[in-house]
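All of the numbers you see were taken from the coordinates with simple rules; none came from a lab. In this text, all values refer to a predicted model and were calculated from it rather than measured experimentally. FYI the Cβ positions are ideal-geometry reconstructions off the backbone, even for glycines, and counts take in every protein chain you see.
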Amino acid sequence: MQYYNQNTKIFLNGEFVHANSAGIDLFGQSLHYGYGAFEGLRAYSTHNGTRIFKAEAHFDRLRKSCESIGLPYKWDNRTLIEKCYELLEINNLRAAYIRPLVFSGSNMHLTSSEDANLMLAAWEWGPYLGQHLLRVNISSYERPNPKSFHIDAKISGQYINSILASTDAIRKGFDEALLLDQDGYVAQASSENLFIEKDYKIYTSPLDNIFPGITRQTVIGICKELGFDIIEKKLTIQDVYTADSAFLSGTAAEIIGIKQVDHIIYKEEWEHSIGATIQRKYKNLVLEQENYEVII
Ligand code: PMP
């Protein structure tokens, strides 16, 4: 996949520059140690024009991520959101994935950086895991331990864990991996949150050992709005195996159904699941078609 061409511009430290001429310092902690923070937002082409979904929440989280690792953060949400819209316009993008990245300056020490750079880039990207129902496995890789990492922050180095788990899943013929937490509960997927449906109720892991997905929060809101029971509880492997259906949520993947976990194939047709209704409602929400009827 090509993320940029010779015309692509990115926003880097206050100005728009060509992506292929933006230099990077090879002596920075972000490259060597994964000491950086990032976000992933989506812009949708709606009947109100191009609209970035929940931009404030994403930039709030970026600030918190940086603060959690002591990476200086000197930008405000309003400016960054304005720059995102400008970035889309400059690159002729109406619907796109937007990637903000905060990375350190020159420093090889294992102590917090005193300066930081900010980049915004955007590219066209379909749903990250495609549109087909997923086959997932329970990974042998666990999620990082909350006592050794700020797991509620989107820190670059942490994603090695995601790369290991999803690469291993794909090598074994699956599409994505579910990871256990340090207590053996099913926490989430490598870069999405997990929901299961059982007896017309929706369950998802509580926040303690998972990444606090903005889409997860949106799904919880949708459930409440549509009158579905939504319960936050620790999920055992057995809970996941014996569910009626399940789905993943994330900005990049959006809402995507799961048809199989390890050797277990869910019996309920995805189209008849609560997840499918939530998926339709989510689509309407991001496209600002809020007055459209959702068929339950
Ligand atoms: N878990 C992890 C580890 C993530 O990186 C992400 C974001 N890609 C998610 C869950 C989903 O978060 P959000 O809904 O905010 O995109």
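Here the peptides 91-99, 143-151 are ranked by packing, the mean other Cβ count within 10 Å, and the order with the highest first is 91-99, 143-151.
With the simple model of a label 7 Å out from the Cα in the direction of the Cβ, His263 to His47 spans 5.0 nm.
Relative contact order for the chain: what is it in percent, counting Cα pairs under 8 Å that are at least 6 residues apart?
On the way: 574 pairs, mean separation 50.7, N = 296.
Across the chain, relative contact order equals 17 percent.
Grab the Cα-Cα distance for Asn13 and Ser68, subtract it from 0.36 nm times how many residues apart they are, and report the gain in nm with one decimal.
Details: separation 55, 0.36 × 55 = 19.80 nm, distance 2.12 nm.
This chain segment gains 17.7 nm when fully extended.
The relative contact order of region 50-196, computed from alpha carbon pairs under 8 Å that lie at least 6 residues apart in sequence, is 20 percent.
Ranking Ser113, Tyr35, Phe53 by how far each Cα lies toward the positive end of the dipole of region 9-123 (charges on Cβ) leaves Phe53 at the top. Take every Cα pair under 8 Å whose residues are at least 6 apart in sequence, average their separation, divide by the length of region 134-286, and the relative contact order is 24 percent.
Helix 55-69 axis versus longest C-alpha principal axis of the chain: approximately 70°, rounded to the nearest ten.
Amide H to amide H, with H built 1.01 Å from N, Ala252 comes under 5 Å of no residue 5 or more places away or on another chain. Of the listed pairs Lys154/Lys201; Lys9/Lys283; Lys54/Lys198; Lys54/Lys259; Lys201/Lys259, which have alpha-carbon separations greater than 26 Å here? As for pairs spanning more than 26 Å Cα to Cα, those are Lys154/Lys201; Lys9/Lys283; Lys54/Lys198; Lys54/Lys259. Stretching the chain fully between Ser106 and His132 yields a gain of 5.0 nm (0.36 nm per residue, less the alpha carbon separation). Relative to the first principal axis of the alpha-carbon coordinates of the chain, what is the inclination of helix 274-286, with its axis defined by its Cα atoms, in degrees from 0 to 90 and to the nearest 10? Orientation of helix 274-286: about 30 degrees from the principal axis. For Leu164 and Gln182, compute 0.36 nm times the residue count separating them, minus their Cα-Cα distance, and round to one decimal in nm. Length gained between Leu164 and Gln182: 4.8 nm.
Remark: region 224-239, residue by residue, has Karplus-estimated 3J(HN,Hα) of 5, 5, 8, x, 8, 5, 10, 10, 9, 8, 5, 9, 7, 4, 4, 4 Hz, where x stands for each Gly or Pro and the curve is 6.51 cos²θ - 1.76 cosθ + 1.60 at θ = phi - 60°. Within the listed set Lys74, Lys234, Lys83, the residue fluctuating most in the Gaussian network model of the chain (springs between alpha-carbon atoms under 10 angstrom) is Lys74. Here's how it looks for Leu180: its modeled amide H is under 5 Å from those of Ser139, Arg143, Ala187, which are all 5 or more places away or on a different chain.
Could you tell me what percent of the DSSP beta bridges with both partners in the chain are antiparallel, to the nearest 5? Bridges in the chain that DSSP calls antiparallel: roughly 80 percent.
Give me the angle, in degrees from 0 to 90, between the Cα long axis of helix 159-171 and the longest principal axis of the Cα atoms of the chain, rounded to the nearest 10. Approximately 50 degrees, to the nearest 10.
Modelled label positions at Ala22 and Asn145, each set 7 Å beyond Cα in the direction of Cβ, lie 3.6 nm from each other.
Other residues with beta-carbon under 12 Å from the beta-carbon of Ile255 carry, at +1 per Lys or Arg and -1 per Asp or Glu, a net charge of +2.
Across Thr46, Thr79, Thr167, mean-square fluctuation computed from a Gaussian network of the chain (C-alpha pairs under 10 Å connected) peaks at Thr79.
Modelled spin-label separation between Lys234 and Met1, with each label point placed 7 Å from Cα along the Cα-to-Cβ direction: 3.5 nm. Derived value for region 1-139: Kirkwood hydrodynamic radius 16.3 Å. Basis is the mean of 1/r over every pair of different alpha-carbon atoms.
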